[in-house]
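Inspection log for the structure reproduced underneath, given as structure tokens.
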Amino acid sequence: MSSPRPTKTPSAIAQIGRLERVTLGERVHTELRELLMSGELAPGQKMSLRSVAETLGVSMMPVREAVSRLVADQSLEVLPNRAVRVPLMNLARFRELTTVRLAVEGFAAEQAARSRAESDLAAMRQFEKAFLTEARSSDPHADRAVRANKDLHFAVYRATGLPTLVGIIEGLWLKIGPVLNFDLKASPERLRTGGAAGHHRRLVAAVKDGDGAAARKALIDDIEGAASFIESTGRLLD
């Protein structure tokens, strides 16, 4: 019995050629998500789509595609004049997000202490060191500090080995990330004395030791310390 002949690729599909695994729109979406989650964009900050396109070296179409997705999940908003901006945050919404973060991210820290690998610890130490460098500097770079803060937190969350959980936390950070501007970018003195470096040190140590309760406590102290200061600035809407 002869073997079945291999099926030929339809000529119409063959003519397409290989597609990029990641579209330009997806790449732009990823970059904008990173800026929002890292706190590198502040609430109320307006965004020029043309400027984004020029900076990333792409056309307007993938930028519009990416922004439309972020508007759909309420991470960006379109004003009546069609300008795009980072949404403002009111006090009630901030407290709601903080309450959910304490539960979800606290759980993640506890799970990370149980599941982390040595490679996870290496990443945590790298980002903790990067944050500490800015916190101790006489001329700190706030953008680097907020990026290191985000990278450290997510190194902990990825150590859980639970992608669904990480995705949930990413959704929270898309909304809360910009408000971190009110904390870590408040002033060089705030960066040095705000307590985040100490909380980070305790968090990484607890994850290393496999102490889930201590990891959760350090993470909760970090979130609550930042939240308390952010509320004290008076920059949240009533």
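The values are calculated or read from the model by the stated rules, or taken from the named source; none is laboratory data. Every value quoted in this text rests on a predicted model; they were computed, and no experiment measured them. Don't worry about glycine lacking a Cβ; one is built from the backbone with ideal geometry, like all the others, and counts go over all protein chains shown. Accessible surface is based on the protein model in full, side chains and every heavy atom, while ligands, DNA and RNA are left aside. Shrake-Rupley method; radii C 1.70, N 1.55, O 1.52, S 1.80 Å.
Of the listed requirements (1) of a type outside the set (A, V, I, L, M, F, W, C); (2) open to solvent by 20 Å² or more (accessible area, probe 1.4 Å); (3) in a helix (DSSP H, G or I); (4) within 23 Å of VAL156 (Cα to Cα), ARG64 misses just one: (4). Scanning the stretch 138-166 for residues that are surrounded by fewer than 16 Cβ atoms within 10 Å (Cβ to Cβ), modelled with pLDDT of 95 or more and not in a helix (DSSP H, G or I) yields one hit, GLY161. Scanning the stretch 69-109 for residues that are over 14 Å from VAL179 (Cα atoms), among the hydrophobic types (A, V, I, L, M, F, W, C) and touching a residue at least 40 places away in the same chain (Cβ under 8 Å) turns up LEU70, VAL100, LEU102, VAL104, PHE107, ALA108, ALA109.
For the residues ILE220, ILE169, the requirement of being open to solvent by less than 10 Å² (accessible area, probe 1.4 Å) and either assigned to a helix (DSSP H, G or I) or charged (D, E, K, R) (or both) singles out ILE169. When LEU191 is tested against the conditions (1) more than 18 Å from THR99 (Cα to Cα); (2) under 16 Å from the mean Cα position of the chain (by Cα), the lone failure is (2).
Of the residues making up the stretch 222-238, those that are under 13 Å from ALA186 (Cα atoms) and either without any contact (Cβ under 8 Å) to a residue 24 or more places away in the chain or among the basic types (Lys, Arg) (or both) number 3. If the condition is being part of a helix (DSSP H, G or I) and at pLDDT below 95, then the stretch 184-217 contributes LEU184, PRO188, GLU189, ARG190, LEU191, ARG192, THR193. Only residues that are surrounded by 15 or more Cβ atoms within 10 Å (Cβ to Cβ) and either of a type outside the set (D, E, K, R) or assigned to a helix (DSSP H, G or I) (or both) were counted across the stretch 68-87, and they come to 7. Among the residues making up the stretch 114-137, those that are assigned to a helix (DSSP H, G or I) and closer than 12 Å to VAL204 by Cβ are ASP120, LEU121, ALA122, ALA123, MET124, ARG125, GLN126, PHE127, GLU128, LYS129, PHE131, LEU132.
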